[in-house]
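A.B. asks: Okay, here's the structure, questions in a sec.
The values are calculated or read from the model by the stated rules, or taken from the named source; none is laboratory data. A quick note: this is a predicted structure, and the numbers were derived from the prediction, not measured. Cβ placement follows ideal geometry from the backbone for every residue including glycine, while neighbour counts extend to all protein chains displayed. The protein model used for the area step is the full one, side chains on, heavy atoms only, and it has no ligands, DNA or RNA in it. Shrake-Rupley method; radii C 1.70, N 1.55, O 1.52, S 1.80 Å.
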Amino acid sequence: MKLSRKFWMVMFLAVCLVIIQYHLTSSWLVAPASASNNVVNIVEPVGSEEMLRSAVERLQVDSAVTASVGEKVIKELVMQLGRELGIGGCGEVSAPAIPSKPTYPSPTLYIITPTYRRPEQIPELTRMAQTLMHVQNIHWLVIEDANTTTKLVTELLKRTGIPFEHLVAPMPEEYKKRRGPKPRGVSNRNRGLEWIRANATKGVLYFADDDNTYDILLFDEIRTTKRVAMWPVGLCTKFGLSTPIVQDGKFTGFYDGWVAGRKFPIDMAGFAVNVEFLLKRPKASMPYKAGFEEDGFLKSLAPFEPHEIELKANNCTKVFVWHTQTKSNTASAALDMSKYNNTNLVLLKQQIV
Ligand code: UGA
Ligand code: MN
C-alpha cells in the first residue's frame, strides 16, 4: 500500500473513532434536567473496549501499520473514557469514588499570639497569618491588648480560613502607667491560657508573638511535645541565639545573652507545652515581671526541671524561628479632607494607623 493511502486510511480511522467516541459518550451519560437529585446516571458501559474494537475491525483495516495505530488509539480512548466516567478500563464499573476525609496531623496546636494596635500591627499579622495558612490543624488564639477587638484584625483572621479565637486582654492600668520596661503581652498570654483551660483537653500550646519570623517546619517540631519542648531561637543581636546547649545528645545548659539568674533563660519563641501537662498544673501562669515572663511561666510548671526538656529541631541544631523586631513607627498623619475627600485615600486611610 502506498504511503499516502496509508496516511488517508489512518486519518479516516481517526475521524471514525472520534464519531464513535461521541456517540458512546452521549449515550452513557443520561442526566435529565428533571432529575430529582443531582446524581448523574451512568449507564453501565458493557464491554466498551469490545465495542470500539469491533467498530475498528469493521473498517477492514488490512495494514499492520494502521492496525497497530488503531490498537493504540483504542487503548487511549478506553483509558480516557474510563477516567472521565470513573470506570475501569475494561468496561467494569468500579466502586463510586468516596471523597476521602482530609487527614490532619494531630494533635492540635494552640498558637497564642498577643497583639496590640500600632502602625505595624496589620502588616505583622498579615505576614504571620500567611505563614500559619501553610500549617494544618492549628487553632489560633489572637489576643489584643485592648478593650475591644479591632475590626481590621477580625476581618484579616476571617480571610485566613484558620480556626481562630479573637479575644481581648488589656494590660492592667498599673503596669501601663509604670515607667521603664513593661510586661508586654502578659495579660494576653494569660488570657490564652485561661481559654485553653476552659476549652481544650489535649494538644500543644505555643506562645508566638506577632512580630517574629516562623519557618513552617517549626510547627511540626512542636506538635510532638509530650511535656515541655525547647529549640533554638535566632536573635538579631550580638549574641545571635537563645537556645538550650546540647552535648552528646544531652541538655547541658542554656545559651542566652541575658541569663540574669533565670532558671530557664530562654526566649518566648523557644518553647512549647503539652496541654494535658498544663492542665495538671492549674496554677501555672505568666508573671507581670518584665524580662522574667518566660522564666516565671516555666517555673510555674513545677514539678518540671531543665533536664526534662524535650530537645527539638534536630537536637537543637536548626533555627526554625527568629525573634525579629520591626522598627516602631509613629502613626501616620491625619488625612487632609478638604483636599482628598471623595478620593480612594479616605478608604485607604481607614486601613492604616
Ligand atoms: C519579648 C517577649 O515576648 C515579651 O513578653 C518580653 O517582655 C520581652 O521580650 C522581654 O523579654 O523584655 P519583645 O519582642 O521585646 O518581647 O516585645 P514585643 O514584640 O513588642 O511584645 C511581645 C508581644 O506582646 C507581641 O506579640 C506584641 O504584639 C505584644 N504586646 C506588646 C502587647 O500585646 N502589648 C504591648 O503593649 C506590647
Ligand atoms: Mn517582639
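A.B. asks: Those residues that are within 16 Å of ligand 2 (Cβ to nearest atom) and not hydrophobic (A, V, I, L, M, F, W, C), I need them from region 291-328; list them, please.
C.D. replies: Selection gives GLY291, GLU293, GLU294, HIS323, THR324, GLN325, THR326, LYS327, SER328.
A.B. asks: Within region 143-168, restricting attention to residues that are touching a residue at least 40 places away in the same chain (Cβ under 8 Å) and within 12 Å of ligand 1 (Cβ to nearest atom), which residue is most open to solvent (accessible area, probe 1.4 Å)?
C.D. replies: Step one: of region 143-168, the residues touching a residue at least 40 places away in the same chain (Cβ under 8 Å) are 143-145, 152.
Going one step further and asking which of them are within 12 Å of ligand 1 (Cβ to nearest atom), we end up with 143-145.
Values: ILE143: 0, GLU144: 1, ASP145: 38 Å².
Result: ASP145.
A.B. asks: Yes or no: SER328 of a type in the set (Ser, Thr, Tyr) and either without any contact (Cβ under 8 Å) to a residue 40 or more places away in the chain or more than 30 Å from GLU174 (Cα to Cα) (or both)? Step through it out loud before you land on a result.
C.D. replies: Details: of a type in the set (Ser, Thr, Tyr): yes; either without any contact (Cβ under 8 Å) to a residue 40 or more places away in the chain or more than 30 Å from GLU174 (Cα to Cα) (or both): no.
Criteria not met by SER328.
A.B. asks: Same structure again: List the residue pairs whose Cβ atoms are under 7 Å apart, where the first residue sits in region 285-303 and is closer than 11 Å to PHE264 by Cβ, the second is part of a helix (DSSP H, G or I), and the two are 6 or more positions apart or on different chains.
C.D. replies: GLU293/VAL186; GLU293/MET268; GLU294/MET268
A.B. asks: Would you point out which residue out of GLY257, GLY261 is more than 30 Å from the chain's Cα centre (by Cα), open to solvent by 40 Å² or more (accessible area, probe 1.4 Å), free of Cβ contacts under 8 Å to residues at least 60 places away in the same chain and within 13 Å of ligand 1 (Cβ to nearest atom)?
C.D. replies: Values: GLY261 fails: within 13 Å of ligand 1 (Cβ to nearest atom).
Exactly one residue qualifies, and that residue is GLY257.
A.B. asks: Could you check PHE277 against (1) open to solvent by less than 50 Å² (accessible area, probe 1.4 Å); (2) in contact with a Ser or Thr (Cβ under 6 Å, 6 or more places away or on another chain) and say which number it fails?
C.D. replies: Here PHE277 clears every test but (2).
A.B. asks: Step by step: first the residues of region 286-343, then only those that are among the acidic types (Asp, Glu) and open to solvent by 30 Å² or more (accessible area, probe 1.4 Å), then the one that is farthest from the chain's Cα centre (by Cα). Which residue is that?
C.D. replies: Taking region 286-343 as the starting set, the residues that turn out to be among the acidic types (Asp, Glu) are 293-295, 305, 308, 310, 336.
Subsequent filtering for residues that are open to solvent by 30 Å² or more (accessible area, probe 1.4 Å) retains 305, 308, 310, 336.
On the way: GLU305: 33, GLU308: 30, GLU310: 24, ASP336: 41 Å.
Applying the filter and picking the extreme gives ASP336.
A.B. asks: Under the condition of being more than 16 Å from ligand 2 (Cβ to nearest atom) and assigned to a loop (DSSP other than H, G, I, E, B), which residue from region 184-211 is most open to solvent (accessible area, probe 1.4 Å)?
C.D. replies: It comes out as LYS202.
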